[in-house]
Amino acid sequence: MTEERIAHLGGHRRVLIEAVGLGLFTGALGIVYLVGIDYLVEAIWGEEWSTRGWFSGSVWMLVIPVVAGLLVGLMYRGFRLPSRFPGFIEDLEEGEVDPRTAPSVLAIAVLSLISGPSLGPEAPMGTAGGAAGTWLARRRGGDAATVRQLSFIGISGAFGGLMSTPVGGPLLAFELEHEQTHSYYFQNLVPGVVAGAVAFGVMWPVVGAPFEALLAIPSDGFRSWMLLAAVGLGLLGAGAALVVGKLILLSSAMLRPLDARPVLRGVIGGALVGVLAFALPLTLFSGQTALPLILEDFEAFGIAMLVALALLKAAALGISLGAGFYGGPIFPTFFIGAVLGVAVHLLIPAIPMAVAVGSIMAALGAAMALLPISMAVLVAIMTQSGLEVSGAVLLASITAYAIRIGISQKASTGDMQRSAASDSPV
């Protein structure tokens, strides 16, 4: 064996050891993170947020987000932070997370997640894991490729524990643009799975699988026609993604002119979150604890309220992001998809709840995030509806993704044609 080959294998062994270390770190951090947030939410809110009727909120639903927005704005100013933070997908694409700002970002994230804004826990965990990987790579004097590699592994570890699957982080990255070589898989995906497995193993004895069977919807049995229904649900999910995505962008854009004034931005954003919560309290938080409440008594909501809840949740997500609160969009998006899926089941009872909810969740996520396989896998983990239904969910996800890509390509072609026409001397 040549010296070059020995050095190459030694480098792989070192990366795998570092993957284990990053998995241990992200797993331990995940325990503190989830347990701490659950404790603080219970201490601050109790069960008050779970009221279900129109305008059933309390004055605290107006006060708490405003105070949190004020504190978040002061943290932006005091820590001299940029007005916007990249999400975990941007971190994966950039290949690094600044370890210097990560503690401040996590502090803002914790304050955001306990005070009611419509955000999920995944982005802060990805930031923490990515920052740990970037720090480790820089500490040993690694080049840009090493920084990207270990940052990816750190994010994979964070997602492995949080999403209750070792392949959560690697699968997300797999669907992003990457180098199609065997070395890429061994240098990134394999140690990423190792980090995810270690993190999951650390978290399992303490917090279990946080999101496994979160929406354990019993399947009424599978029929072949459900695959055709899944295609239709994928079409519906793609259409809903256009509406929901536009609403999120508009809601977020309202507050962007205040980026240079983070305190005012936070206070106004918190007030808007509070108003929506006062109108319909289930718009608070990520939605992961509200969904079981909806499924318990979904008929009492009715189609109109469910659609209104989905739209208000989208507005709350956009406002939360625009106001400078920090968290992830995946779980609020899943909430929106699940609520619309329940509405579809109420409208067409012949479509089983498991198929309707799972398909719309995955289709909406795939059309918005452009990650069809990842969204389908995460929904399958959350719903635990069986292999056959999971196949329908995947089909709906891919359908919505294909429609979104087709629309994007058509829009790009139209832009190029209009540009060519405007440049023409005729």
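Where a number appears in this text, it was derived from the coordinates with a stated rule and is not lab data. These numbers come from a predicted model, not from an experiment. Ideal geometry is used to build each Cβ from the backbone, glycine not excepted, and the neighbour counts take in all protein chains shown.
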* To do: Please give the peptides 31-44, 324-337 ranked by average Cβ packing (other Cβ atoms within 10 Å per residue), highest first, as a rough proxy for protection.
  => 324-337, 31-44
* Determine, for each peptide in 364-373, 222-231, the mean count of other beta carbons within 10 angstrom over its residues, then list the peptides with the highest first. => 364-373, 222-231
* Can you list which of the trypsin sites (Lys or Arg not before Pro) found in the stretch 22-80 are DSSP loop residues with at most 15 other C-beta atoms within 10 Å? => 80
* To do: Over the alpha-carbon set of the chain, divide Rg by the Kirkwood Rh and report the Rg/Rh ratio to two decimals.
  => 0.99
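Send over the semi-axes of the stretch 225-416's equivalent ellipsoid, whole angstrom and largest first, taken as the square roots of 5 times the C-alpha gyration tensor eigenvalues.
Over the Cα atoms of the stretch 225-416, the semi-axes work out to 28, 21, 13 Å.
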* Taking every eigenvalue of the Cα gyration tensor of the stretch 36-102, multiplying by 5 and rooting it, what semi-axes result, largest first, whole Å? -> 31, 16, 12
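What is the fewest-to-most order of 280, 62 by other Cβ atoms lying within 10 Å of their Cβ?
Ranking 280, 62 by Cβ neighbours within 10 Å, fewest first, gives 62, 280.
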